[in-house]
Structures are given as structure tokens and as C-alpha cells.
Amino acid sequence: QRAARCKQFAAMATSRLCIKNVPKYINEDRLRDHFSAKGEVTDVKILRTKDGHSRQMAFVGYKTVEAAETALKYFDKTFMDTSRIAVEFAQRFGDKALARPWSKHSEGSTAHKKVVDGQAAEAEALAAKGIKGEGRKGRKGN
């Protein structure tokens, strides 16, 4: 069982790491400085919302897979200021190994489908009311 997990771990290894629970106020330069202690960092990206707030998740790229693996072992479950960060190998977008989305903001989740279906039903109801309202306005005697 342990050998199977080691093979799976090696197959997932990439030179990019996904960092979760990054403090909201951290910028790319500080993140680069922090993670460069265990290898040459090639790129850093902090995920942000449309209005620019941190989503507390980042990606850090290393020059080699070995450097990324060393950094993962060193930084996983450590603290950045007062936030305990989780570090794992980054996976490709749309990878079948990724967990199914669950947020109402994520396409593909049942919660998102309910929100979209509810908005469509609400739009139909408003359109029906709008049509009835216009019909009444057009009548004589109103």
C-alpha cells in the first residue's frame, strides 16, 4: 500500500506547488522570498477575486521538480506569520483527479446549477409579469 502511494506521489510531482491558506495581506514578493529558501523560484501567482482581494491561495513555480519536492516537504503544514499553510503539488485545470467542485460559484457543481436554474426561473417570471403589465397598459380605460 505504501509503495502504491509513493508511485502515485511521484506521478503527480510537478515543479509547481499550490499553497493554501496564504495570509490575505501577503504580496508576490514576500511569497517569493519565503519560498526561495528551498530552491530557485521561477514564478509566483496569488489568486485574487475580481475586485482584487486575496483568495488565500497561491502557486509557486520552481526550476526543477526536485526543488519543488524539497520545498513541499519543508513548507507543508508550517506557518506563514499566524496562518498555517498547506502545500501540495499543483494539478492541471480540469484534471480528473481533482475533487468535484462544490461551491455555488464553481461551474459544474450542483449548487451552481441550482443558482443558475433559480435565476432563469426568476427571469422567466419577471418576463411574464412584464408582458402582462404591458398588455394592461395598452388597454383603454386603465
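I'd like to verify a number: residues in region 26-49 that are touching a residue at least 12 places away in the same chain (Cβ under 8 Å) and of a type in the set (S, T, N, Q), how many?
Residues in region 26-49 being touching a residue at least 12 places away in the same chain (Cβ under 8 Å) and of a type in the set (S, T, N, Q): 2 in total.
Only one residue in K140, K104, K132, K77 is modelled with pLDDT under 80, under 21 Å from the mean Cα position of the chain (by Cα) and open to solvent by 50 Å² or more (accessible area, probe 1.4 Å). Which one? Full working, then the answer.
Numbers: K140 fails: under 21 Å from the mean Cα position of the chain (by Cα); K132 fails: under 21 Å from the mean Cα position of the chain (by Cα); K77 fails: modelled with pLDDT under 80.
From the options K140, K104, K132, K77, the qualifying one is K104.
Got a number for residues in region 48-70 being part of a strand (DSSP E or B) and open to solvent by 40 Å² or more (accessible area, probe 1.4 Å)? I'd like the intermediate steps shown before the answer.
From region 48-70, those part of a strand (DSSP E or B) are 48, 54-62; that's our starting set.
In the following step, the residues that additionally are open to solvent by 40 Å² or more (accessible area, probe 1.4 Å) were identified as 48, 55-57, 59.
The qualifying residues number 5.
Going through region 1-36 one residue at a time, which ones are open to solvent by 70 Å² or more (accessible area, probe 1.4 Å), at pLDDT 95 or above and in a helix (DSSP H, G or I)?
Selection gives D29, R30, R32, D33.
The values are calculated or read from the model by the stated rules, or taken from the named source; none is laboratory data. The structure presented is a predicted model; accordingly, all values stated were derived computationally and were not measured. For neighbour counting, all protein chains shown are included, and Cβ atoms are generated from backbone atoms with ideal geometry for every residue, glycine included. All accessible areas refer to the heavy atoms of the entire protein, side chains included, with ligands and DNA or RNA removed. Shrake-Rupley method; radii C 1.70, N 1.55, O 1.52, S 1.80 Å.
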